Amino acid sequence: MSSGALTSDWLPSFEAVPRELFVPDRIWPGIANGTGQHPAVHRSEDPEAWWRAVHSDIPLTTQWDDGRHHGDGLGTTPTSSNSMPTMVASMLRDLDVRPGVRVLEIGTGTGWNAALLAHRLGDADVVSVEYDADVARGARRNLERAGLSPRVVEGDGREGWAEGGPYDRIIATCSVLSIPPAWLAQAAPGAVIVAPFGTEYGGEQIVRLTVSDDGTRAVGRFTGGSAFMRLRQQRTQRPPFADYLHGVPWPADGVRSTTTLSPQDTGEWFQQFVIGLAVPGAFWRAERYDDDAYTLWIYSRDKRSWASADYERGRTEYEVYQSGPRRLWTEVESAHHWWTTHGRPTHPRLGLTATPEGHTPWLDTPNHPIPRQP
C-alpha cells in the first residue's frame, strides 16, 4: 500500500487473500475520512463501480440496522462492514503477530481480517467471534471460498471465547467503551490487545495494550484515529431530549453564564475524544440554524444534567445555560483547558490502563492520569 501501512511481512497474506473474496455483491461505499456512505453499488448492475470501490482505500458498509434494513437506500445505522484496507493493515501491524501465537478476533464481519490472520498463522491459531448469526454464516462462506477455515464462533464479543484460550493476541474490529474483563482473563501473560477505543462523548482511537503477567491489568498507548462500529453490547441508549426539561419550557431551571471558549473548538474528532476521556457519562448533539449558527447541547446519561452553548460566527463570547448536579459545559471547558495547557497532546502521548474494574486514561506515563470531571 502506498500509505506505508502494509509491512513486507503481511504482503504475502494480502496478495493471497484478496479483498474482493470478502465483499458481497451489494455494498455502500464509505469515505476515507469520516462516517458517511455513498449510494448502494451492485456488482451485477455496475461491475466497474463495484470493483473500483473494492479496490479503493475506503470502508464498505455491508449491513444496516442489525439486518432489519432492506432495499438499496441508506439505513439508519451501519452495523457491519468491510474495513478500509489501510486501517486493517495498520491494526495488524500493531498486533505484531509471529508464528506460534494464538489470536482471538472480536467482530468477524465479512471474514477478511480473520482470513489474513489465518493465512499468516494457520487456521488452528485463529478464533473469531461474531454476534450476528447471518453475518457469521456469510463470513464462513467467504472463508471457505478463500480456502481457509479459522474457527468462527457465534457469541457475545464481550465474553470472548474461553474454550480457545489463552490467547497471545486479541484484536477487535468493533469499537469499545471499555475493555471487557473476559479479554483480560483469556489473555496469556504479556499478550497484546489492539482495539478501537471510543468515548461516549465522541471520538475514537486505536489502543495497543500489553497484558501484565498476572492478568490483572493491560497498559499501553493510543496509536492513531479510527471510526469503527460499536460493539453491540456496549452501544449507549440515549434518552429522548425532552426528558431533560421535564415538560418545562427552555431554559427551565438553567443557569445563564458566558464563555470565551468557542463550541467550535470542542467539536473536532480528536477534541471530542480527549473531552470524552475526562468527561464520562455525557454526550452531545448540535441544533443548527442559518448562517452557520448552532446550539451545542450536552447531556448526562442519567438524565439529571444538561447544558447548552450557543455559537454564532464572529463572536468572541458565547451564551451558556447549565442545569442539574453536573455543570456539563464547565466540565467540557475544564477538559479542554487541561488539554491546551499540556500542549494539546496527540495520541502518542496518551495511554490507557485497563483492569477488570474499569479503565484510566493517562498522559505520557500511567502515573499521570487525565483528571476526570467533575
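Computed from the coordinates by the stated procedures, all read-outs in this text should not be read as laboratory data. In this text, all values refer to a predicted model and were calculated from it rather than measured experimentally. Every residue, glycine among them, receives a Cβ derived from its backbone with ideal geometry; neighbour counts consider all protein chains shown.
Brief remarks on what is shown
- For region 287-295, 3J(HN,Hα) per residue [Karplus equation, 6.51 cos²θ - 1.76 cosθ + 1.60, θ = phi - 60°, Hz, x = Gly/Pro]: 9, 9, 10, 6, 6, 6, 6, 7, 10
- For region 241-341, the Kirkwood radius over C-alpha pairs fed into Stokes-Einstein at 20 °C and 1.002 mPa s yields D = 155 µm² per second.
- Sequence-separation-based contact order of region 34-137, relative, with Cα cut under 8 Å and 6+ spacing, percent: 20 percent
- Along principal axes, Cα extents of region 1-134, largest first, whole Å: 44, 33, 27
- Label zone at T355, where the point sits 7 Å out along the Cα-to-Cβ direction: region 201-217 residues whose backbone N lies under 20 Å: 208-217
- Mean ellipticity per residue at 222 nm, deg cm²/dmol - from DSSP H runs of n ≥ 4 across the chain, formula -39500 (n - 2.57): -6000 deg cm²/dmol
- Other-chain or far-sequence residues with amide H under 5 Å of S81's (modelled H): T62, T110
- Spatial offset of region 274-353 relative to region 112-167 amounts to 40 Å, using the alpha carbon center of each.
- Label-point gap, in nm, between R285 and T316 - each point 7 angstrom along Cα→Cβ: 3.4 nm
- Cβ-Cβ distance of D123 and S56, R₀ of 25 Å, FRET efficiency by 1/(1 + (r/R0)^6): the value works out to about 0.30.
- On the beta carbon distance between T216 and Q237, with R0 = 41 Å, the FRET formula returns roughly 0.85.
- The alpha carbons of region 98-183 give a radius of gyration and a Dmax of 11.8, 35 Å, in that order.
- Most to least packed among 244-256, 98-110 [average Cβ atoms within 10 Å]: 98-110, 244-256
- Calculated FRET efficiency for the pair T7/T340, C-beta based, R₀ 30 Å, to 0.05: 0.25
- Each of the peptides 268-276, 308-316, 294-302, 112-120 was scored by the mean count of other Cβ atoms within 10 Å over its residues; in descending order, highest first, they stand as 112-120, 268-276, 294-302, 308-316.
- Ranked packing of 57-64, 201-208, most packed first, by mean Cβ within 10 Å: 201-208, 57-64
- Relative contact order of the chain, pairs being alpha-carbon contacts under 8 Å that are 6 or more residues apart, as %: 11 percent
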